[in-house]
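Written out below as structure tokens is the structure these notes cover.
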Amino acid sequence: MAANPAAPDTAVRNLLRTCPLCEAACGLELTVDSRDRVTGARGDKLDPFSKGFLCPKGASFGQLDGDPDRITEPMMRDRGTGSWRTVGWAEAFDLIASRIPAIKAEHGDQSVALYLGNPNAHTVAGTLYAPALIRALGSRNVFSASTADQMPKQLACGLMFGDPLAVPVPDLDRTDYVLMLGANPLESNGSLCTAPDFPGRLQALRARGGRLVVVDPRRTRTAARADEHLFVRPGTDAYLLFGIVHSLFAENLTEVGVRVTGLEELRAAAAEFDPESVCARTGVPAETVRRLARELAAAPTAAVYARIGTCTAEFGTVTQWLVDVVNVLTGNLDTPGGVMFATAAVRGIVRTKPFRPGRWRSRVRDLPEAMGELPVATLIDEIRTPGEGQVRALITAAGNPVLSAPGGARLDAAFAGLDFMVSLDCYLNETTRHADVILPPPRPVQSPHYDFALLQFAVRNYARYSPPLVPLEDRPSEAAVYVRLAAAIGGQPHNPTAEYDPLTVFDELVIGTTLRSAGLEQRRHELSGRTSTEQRLDLMLRLGPYGEWNGGDLSLRTLLDNPHGIDLGALRPRLSEVLRTASGKVDLAPPLLLADLDRLRAGSMAAPAEMVLIGRRHLRSNNSWMHNAPRLVGGTNRCTLQIHPDDIARLGLGEQALVKSAAGSLTVPVEATDSIMPGVVSLPHGWGHTTSFQQVARQNAGVNANVLTDDSVLDVPSGNAVFNGVPVSVTPA
Ligand SMILES: Nc1nc2c(c(=O)[nH]1)N[C@H]1C(S)=C(S)[C@@H](COP(=O)(O)OP(=O)(O)OC[C@H]3O[C@@H](n4cnc5c(=O)[nH]c(N)nc54)[C@H](O)[C@@H]3O)O[C@H]1N2
Ligand SMILES: Nc1nc2c(c(=O)[nH]1)N[C@H]1C(S)=C(S)[C@@H](COP(=O)(O)OP(=O)(O)OC[C@H]3O[C@@H](n4cnc5c(=O)[nH]c(N)nc54)[C@H](O)[C@@H]3O)O[C@H]1N2
Ligand code: SF4
Ligand SMILES: [Mo]
């Protein structure tokens, strides 16, 4: 169906699609020309959730979608010469089928590892089909960006509510008070809190007389728009929150509105964290800690929200636990204006038993599993440490761990030593350059979109489906790539024939099983959808809380008839549906977290280092993979070391600084700013494109912040990586 390239642009059309680039899930209206190129992107004014909001990344959708450096056919690397050639799909899968099962047969199932990166949370393929790959692999060496990100939040929720997918979000549009720690939604547009136009929603909070308090070692754009900004020493948020808990108890301000266990254990644990000692750790004045407690208790409704700056920190899980402890103690869990659980149109995984982490442990460092994964910080150990179960082959899918994992630079070398590597990725970059085979996904505009994951964390209940806007031509969808990869690894037929399509067979199996367990086999014929993927979506929508087979009227058809999306109303209380703890109550004092308090008391990183390193994000960037879009790079989106002018003077720095940590060292341009706390430096991650094949990114390579982060330091309960509060020395370069 490709148009004749010489034909005039007669078939320009405007098409609707959800933006897949960050967690905000904004509606886009794209202009697509007769050659199926995306030539424009605007916010979809008729989307009931995003209402036309758009950020510069969404506006650059066309440049990202049409990037000339995108890989369009499978690539194979010749290990002898290092050169790349394109190959057919069948040949690529045949090679994988000839190598991975053989490595598993010789070295055991654990010898093949998988790393799943962040864009999987944004694609239909990643959410519905990556599980097939995990199953086919049969290895415990499953890693993902989750342990470089939100695992502490999921672990804390898993322990408190019994389900790690039960993550409450601030009821942004109705709350009277937000205490925000370690998040900067004016750049990131929010995370574990799907809220298109997060900045506008914060502005509306203040306009209706509400209050926003931001806790961050930098005076960010979000902090600048807040009623109050508090500097906090990196890595010390757990003490601050304990100080608030202490004050709530000390001043009899608690007002618990849900059924809980562990209240007395919690009170005892908080006893030693009086505001004075908290001040000594955090730098936040004792009187401010007390005032925050009083304000949170007095506000008609309030929500404490904490994100990446507090997750990827040494006490990440304890911090995330205390966030919701404060929400519970102030009567703000599961009530309008507090923090609430979304009711997504498609149910998440339904759990029957309480969450239990640590079901197995990693081979080398004995680190606990959580949600079926091992910490990405120990991937390198599993590759480099000889012995039974050593990782010899790796699959990466939509991830760039060389730039995103702690100790990333060492992973670079470790990947070079693997026996075999496969990457499912649209670019030949710092990570995928080590692969033997790269399998590219189609362009986003060729892919369907439904936010299975992100809408579980939305601040309003909402659903929107975007079918593929441009035909696939003769290449597999990303879903098909996943399923064929799983088949190739599992020794199943992996190339389609006239009679056999691995994707349809797989989907039929899932549909059949789901219908059987719901006792609805006889209704198979009612499912609509042009592809088996769409039929699965239809089934999930029909069975979901608003579904046609569940007393409602939602189905795939409804979403196709409403391409701007459907508003399903404000969040509503549903804790009783969500709770999966053995007691049937919210556990305020999970033993696993109380056991981590000795470490908190010792507080190694809170011990004064000369300087500490933290990260940051920029509105026109996204992790490692958007530096190849010309309109997103340049200006203030640069890889610089932000540092306070007093520190520059004290340390005698010039234009470049040498930054050293226990893990490595880097030379980086200095950017003076009084928006950062003295004693703290900030470097963005996702840069260091010196070995990428992305032309634009390579010209402005920057440095890899994860040369400095240390894979030996972890948030112990979750195994999560620590990117914030890394001790460093800074000297003139
Ligand atoms: N120092 C430091 N390190 C950090 C962080 C930090 O704050 N500081 N943040 C951490 C966080 S929160 C995260 S989530 C991780 C991210 O870690 P990763 O997920 O490993 O890194 P990304 O840069 O998001 O890499 C995404 C990869 O997916 C590819 N890709 C893009 N779209 C698609 C697609 O549709 N399909 C496929 N198959 N591939 C696609 C891109 O080319 C790129 O290679 O980084 C973490 N690392
Ligand atoms: N534009 C853009 N948007 C993105 C991304 C991106 O790379 N660029 N990445 C996406 C991803 S993968 C994620 S996970 C989300 C993350 O979304 P956010 O959590 O909002 O991420 P950041 O903007 O990095 O904000 C983290 C803030 O924490 C502060 N901080 C650092 N250390 C500490 C600390 O110890 N304590 C406290 N209180 N604060 C600290 C930093 O100064 C920073 O301002 O953003 C998503 N959206
Ligand atoms: S805020 Fe996120 S979802 Fe919205 S347009 Fe920007 S990148 Fe896309
Ligand atoms: Mo992330």
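The values are calculated or read from the model by the stated rules, or taken from the named source; none is laboratory data. Quantities reported herein were computed from a predicted structural model and do not represent experimental measurements. All Cβ positions, glycine included, derive from the backbone under ideal geometry; neighbour counts span all protein chains shown. Areas reflect the complete protein model, heavy atoms only, side chains present, ligands, DNA and RNA absent. Shrake-Rupley method; radii C 1.70, N 1.55, O 1.52, S 1.80 Å.
Summary of values
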quantity	calculated
The listed residue being away from ligand 4 (no atom under 16 Å from the Cβ), free of Cβ contacts under 8 Å to residues at least 40 places away in the same chain and more than 19 Å from VAL213 (Cα to Cα), out of VAL346, VAL318, VAL350	VAL350
In the range 426-453, residue nearest to ligand 2 (Cβ to nearest atom) [restricted to those that are of a type outside the set (Val, Ile, Thr), crowded, with 24+ Cβ neighbours inside 10 Å and farther than 17 Å from ALA480 by Cα]	ASP451
Failed criterion for TYR115 (all others in (1) part of a helix (DSSP H, G or I); (2) within 16 Å of ligand 2 (Cβ to nearest atom) hold)	(1)
Members of the range 627-651 found to be open to solvent by less than 20 Å² (accessible area, probe 1.4 Å), more than 14 Å from ligand 2 (Cβ to nearest atom) and assigned to a helix (DSSP H, G or I), listed by number	ASP647
In the range 563-584, the residues that are more than 28 Å from the chain's Cα centre (by Cα) and of a type in the set (S, T, N, Q)	SER583
Residues of the range 694-710 satisfying the condition of being under 28 Å from ALA238 (Cβ atoms) and open to solvent by less than 10 Å² (accessible area, probe 1.4 Å)	ALA705, ASN706, LEU708, THR709
Selected residue (criterion: farthest from THR282 (Cα to Cα)) from residues of the range 149-164 that are open to solvent by 10 Å² or more (accessible area, probe 1.4 Å) and within 16 Å of ligand 4 (Cβ to nearest atom)	GLN154
Some residue of the range 269-284 being open to solvent by 40 Å² or more (accessible area, probe 1.4 Å) and touching a Cys at 6+ places or on another chain (Cβ under 9 Å)	no
Close pairs from the range 127-150: first more than 16 Å from ligand 2 (Cβ to nearest atom), partner of a type in the set (A, V, I, L, M) and open to solvent by 30 Å² or more (accessible area, probe 1.4 Å), Cβ under 7 Å, at least 6 apart	VAL142/ILE134
Selection status of THR236, within 16 Å of ligand 3 (Cβ to nearest atom) and under 25 Å from the mean Cα position of the chain (by Cα)	no
Qualifying residue in the range 197-218 (condition: farther than 20 Å from LEU329 by Cβ and within 16 Å of ligand 4 (Cβ to nearest atom))	yes
From ARG620, ARG631, residue being touching a strand residue (DSSP E or B) at 6+ places or on another chain (Cβ under 8 Å), within 16 Å of ligand 3 (Cβ to nearest atom) and within 30 Å of THR39 (Cβ to Cβ)	ARG620
Test result for VAL278, within 24 Å of GLN642 (Cα to Cα) and either away from ligand 4 (no atom under 16 Å from the Cβ) or among the acidic types (Asp, Glu) (or both)	no
Unique residue being at pLDDT 95 or above and either within 16 Å of ligand 2 (Cβ to nearest atom) or polar (S, T, N, Q) (or both) when the list is PHE49, PHE53	PHE53
ALA90 being away from ligand 2 (no atom under 16 Å from the Cβ), touching a residue at least 60 places away in the same chain (Cβ under 8 Å), in a helix (DSSP H, G or I) and not β-branched (Val, Ile, Thr)	yes
Residue check for THR254: within 16 Å of ligand 1 (Cβ to nearest atom) and among the β-branched types (Val, Ile, Thr)	no
Odd one out for LEU230, checked against (1) touching a helix residue (DSSP H, G or I) at 6+ places or on another chain (Cβ under 8 Å); (2) under 25 Å from ARG616 (Cα atoms); (3) in contact (Cβ under 8 Å) with a residue 60 or more places away in the chain	(3)
Some residue of the range 406-418 being farther than 30 Å from ASP33 by Cα and touching a Cys at 6+ places or on another chain (Cβ under 9 Å)	no
Breaking point among (1) under 20 Å from ASN704 (Cβ atoms); (2) touching an Asp or Glu at 6+ places or on another chain (Cβ under 9 Å); (3) assigned to a loop (DSSP other than H, G, I, E, B), for PRO442	(1)
Residue within the range 344-353 that is open to solvent by less than 20 Å² (accessible area, probe 1.4 Å), within 15 Å of ligand 1 (Cβ to nearest atom) and either among the aliphatic types (A, V, I, L, M) or under 24 Å from CYS639 (Cβ atoms) (or both) present	no
The listed residue being modelled with pLDDT of 95 or more, open to solvent by 20 Å² or more (accessible area, probe 1.4 Å) and more than 16 Å from ligand 3 (Cβ to nearest atom), out of ASP197, ASP216, ASP171, ASP176	ASP176
Qualifying residue in the range 484-492 (condition: β-branched (Val, Ile, Thr), open to solvent by less than 10 Å² (accessible area, probe 1.4 Å) and in a loop (DSSP other than H, G, I, E, B))	no
Failed condition for SER50, given (1) more than 24 Å from TRP360 (Cα to Cα); (2) open to solvent by less than 20 Å² (accessible area, probe 1.4 Å); (3) not assigned by TED's automatic domain parsing to the domain that holds GLU23	(3)
Pick from the range 257-301, criterion touching a Leu at 6+ places or on another chain (Cβ under 6 Å) and assigned to a loop (DSSP other than H, G, I, E, B), ranking: farthest from VAL328 (Cα to Cα)	VAL284
Extreme residue, farthest from VAL481 (Cα to Cα), among residues of the range 70-81 that are open to solvent by less than 40 Å² (accessible area, probe 1.4 Å) and in a loop (DSSP other than H, G, I, E, B)	ARG70
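Results for (1) modelled with pLDDT of 95 or more; (2) out of contact with any Pro (no Cβ under 7 Å at 6 or more places or on another chain); (3) open to solvent by less than 30 Å² (accessible area, probe 1.4 Å); (4) part of a loop (DSSP other than H, G, I, E, B), shown as yes or no for each residue.
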| position | (1), (2), (3), (4) |
| --- | --- |
| PRO563 | yes, yes, no, yes |
| LEU568 | yes, yes, no, no |
| ALA609 | no, no, no, yes |
| ASN622 | yes, yes, yes, yes |
| TRP625 | yes, yes, no, yes |
| LEU653 | yes, no, yes, yes |
| VAL659 | yes, yes, yes, no |
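Residue-wise test of (1) under 19 Å from LEU192 (Cβ atoms); (2) of a type in the set (Lys, Arg).
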{"residue": "GLY337", "(1), (2)": "yes, no"}
{"residue": "ALA342", "(1), (2)": "yes, no"}
{"residue": "VAL346", "(1), (2)": "yes, no"}
{"residue": "ARG363", "(1), (2)": "no, yes"}
{"residue": "PRO368", "(1), (2)": "no, no"}
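Conditions tested, residue by residue: (1) within 16 Å of ligand 4 (Cβ to nearest atom); (2) open to solvent by less than 30 Å² (accessible area, probe 1.4 Å).
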| position | (1), (2) |
| --- | --- |
| HIS107 | no, no |
| HIS122 | yes, yes |
| THR127 | yes, no |
| PRO131 | no, no |
